[in-house]
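See below for the structure under consideration.
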């Protein structure tokens, strides 16, 4: 029996977020939440689903060398705090050939990539990552 | 309402105790604290532990620990709030004694992190981040601390060398502390040449993970007339918002909110000793600033001075902090508390501390929840 590292339902039910950056927008005050929430700061419980912008700017970043075991093959991973038209999210940056050239303010765009593998026999999970447009 | 006194304390020096189980290190501190308190009847035992099911493969942990020391019918419960477990256990114990529900209780922080290899440990630490939106993408507390550090450096125009002053000061203090895990001094060049964990955060910025256990016995009556320490007040506050939602990474909202609650009950100028939860050096810096002891952005500048404590009139982490005591995760707040007790009692090497009050700041995760425990020496 192979140890299952990825819980399929836990991943599957987050696909709207992992693929489309699905967020919740308060119908009453317009505030957008990512991760999605059930109650707005204004008290309203009425939301509509929206997809966040696929383009944004890098606000902050770190190059993580001491990664959890599931990410060992991708080490180091670059974590960015990204502003998508006023909504900030944390995400991995990918396709960065020269990490030393990263800087705050870089324009980045969403792409879909493998996030991790569940060993040899398990599912492969995909999700959003961001790449910078200035690194070819 | 009852007053709440600390009758005894104990801790083991942090380490890698491959030859001991979680029950063994629990028993060691339990028996020492219980004996030193005069073996009182214990109404309740609070166990603070973050990783017991992950590392020791044990649920219902308190029951099995109590079985080991033959406390067959003593009520016991585990408090899990990640690396803030101990502070929350103290809060619950304080409320139990203060309300009169219990007369004497014991609080024990225990963690056995080195029963698993380090790569599994870093996975468990990652679980303190949001499982779906942070940890799924490989984001760990170290990565979040690194983002905070970068923002702090940009905002206040510091270099990494400037921030390293905090670490040098902690090592200086830890080198004099026989209870510390790290007892060697460090120079700036040691810090800046250490391994990069998550740029700009380096190995020296992290409190080393340790196996550890520490305990206090708390009661509504003191068991001696001299050297009596009271838990004067315990307050908690949270910041239940996503890391990416934060408008300013350079302050700890949960700590600021807890400070505001505490400041309604005590004059901060009376506090002469402070132990902050420096699991990462930047969090120690932000804790001191969020508590209002140092103006925001000024800590690295102050740490460059020979003796910043005398200028501030508060001793910050005289133990060397978790940086030197080590980080036993769920038991970390209990290590801070036992250190603060020893500091107020002027136990060697803390003989030069002259303060009536000591404040302990324990925090769960990266600013998820803060517990402030105020100790007072009443005789």
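With contacts taken as Cα pairs under 8 Å at a separation of at least 6 residues, chain B carries a relative contact order of 27 percent. A Gaussian network model of chain B, with springs between Cα atoms under 10 Å, assigns the largest mean-square fluctuation among B:114, B:88, B:277 to B:114.
Shape verdict for the stretch B:91-135, please, from the Cα gyration tensor: rounded (a/c under 1.5), prolate (a/b greater than b/c) or oblate.
Values: a/c = 7.91, a/b = 2.10, b/c = 3.76.
It comes out oblate by the Cα gyration axes.
Mean per-residue shielding of peptide B:312-325 is 0, counting Cβ atoms of other chains within 10 Å of each Cβ.
Could you sort the peptides B:202-212, B:355-365 by per-residue average Cβ neighbour count (10 Å cutoff), highest mean leading?
Numbers: B:202-212: 23.8, B:355-365: 25.7.
Output ranking for B:202-212, B:355-365: B:355-365, B:202-212.
What FRET efficiency comes out for the pair residue B:59/residue B:161, r = Cβ-Cβ distance, R0 = 30 Å, nearest 0.05? Let's see the in-between values first.
On the way: r = 46 Å, r/R0 = 1.53.
After rounding to 0.05, the efficiency reads 0.05.
A Förster radius of 56 Å, combined with the Cβ-Cβ distance separating residue B:220 from residue B:307, puts the computed FRET efficiency at roughly 0.90. Result for chain A in a Gaussian network model with C-alpha springs under 10 Å: among A:80, A:122, A:56, the largest mean-square fluctuation is at A:122. One quarter of the convex hull surface built on the alpha carbon atoms of the stretch B:230-277 amounts to 4.3 nm², the projected area averaged over directions. Ordering of B:316-325, A:85-94, B:284-293 by packing is B:316-325, B:284-293, A:85-94, highest average first (other Cβ atoms within 10 Å, averaged per residue). Rounded if a/c is under 1.5, else prolate if a/b beats b/c, else oblate: with a ≥ b ≥ c from the C-alpha gyration tensor eigenvalues square-rooted, which is the stretch B:44-164? Taking the square roots of the gyration eigenvalues as a ≥ b ≥ c, the stretch B:44-164 is prolate.
Averaged over its residues, how many other protein chain Cβ atoms are within 10 Å of peptide B:127-135's Cβ atoms? Please report the intermediate quantities before stating the final value.
Details: counts 1, 0, 1, 2, 1, 7, 10, 4, 2.
Mean number of neighbouring Cβ atoms from other chains: 3.
For the Cα atoms of chain B, what angle does the longest principal axis make with the long axis of helix B:253-263, in degrees from 0 to 90, nearest 10? In chain B, helix B:253-263 runs at an angle near 50 degrees to the longest axis.
Taking the C-alpha atoms only, the angle from helix B:22-36 to the longest principal axis of chain B is near 60 degrees.
Once both labels are positioned 7 Å from their Cα atoms along Cα-to-Cβ, the gap between residue B:154 and residue A:39 label points is 3.4 nm.
Relative protection proxy for A:30-43, A:58-71, from highest mean packing down: A:58-71, A:30-43 (other beta-carbon atoms within 10 angstrom). For the options B:32, B:183, B:120, a Gaussian network treatment of chain B with springs between C-alpha atoms closer than 10 Å singles out B:120 as fluctuating the most.
Once a ≥ b ≥ c are taken as the square roots of the eigenvalues of the Cα gyration tensor of the stretch B:246-379, is the result rounded (a/c under 1.5), prolate (a/b larger than b/c) or oblate (a/b not larger than b/c)? Rounded, because the longest to shortest axis ratio a/c is under 1.5. For peptide B:189-200, the mean count of partner chain Cβ atoms within 10 Å of a residue's Cβ comes to 3. A Förster radius of 56 Å, combined with the Cβ-Cβ distance separating residue A:117 from residue B:176, puts the computed FRET efficiency at roughly 0.70.
A crude spin-label estimate for the pair residue B:195 and residue B:43, with each label 7 Å from Cα along the Cβ direction, gives 4.8 nm.
Using a simple spin-label model with pseudo-atoms 7 Å out from Cα toward Cβ, residue B:346 and residue B:116 lie 4.6 nm apart. Over chain A, Cα pairs under 8 Å with separation of 6+ residues give a relative contact order of 23 percent. Dividing the mean sequence gap of close Cα pairs (under 8 Å, 6+ apart) by how many residues the stretch B:87-149 holds gives a relative contact order of 18 percent.
Would you calculate a helix-derived [θ] at 222 nm for the protein assembly as shown, using -39,500 (n - 2.57) for each DSSP H run of n ≥ 4 and dividing by the full residue count, to the nearest 500?
Details: 16 runs with 146 residues, N = 515.
The per-residue figure over the protein assembly as shown is -8000 deg cm²/dmol.
Sorted ascending by nearby beta carbons within 10 Å, beginning with the fewest, B:63, B:193, B:56 become B:193, B:63, B:56.
For chain B, DSSP calls about 65 percent of its internal beta bridges antiparallel. For chain B, find the longest principal axis of its Cα atoms and tell me its angle to the long axis of helix B:332-344, 0 to 90°, nearest 10. Taking Cα atoms only, the helix is inclined about 80 degrees.
No value in this document is a laboratory result; all are computed from the given coordinates. Predicted, not measured: the structure shown is a model, and the values here were computed from it. Glycine also receives a Cβ, built like all others from the backbone with ideal geometry; neighbour counts cover every protein chain displayed.
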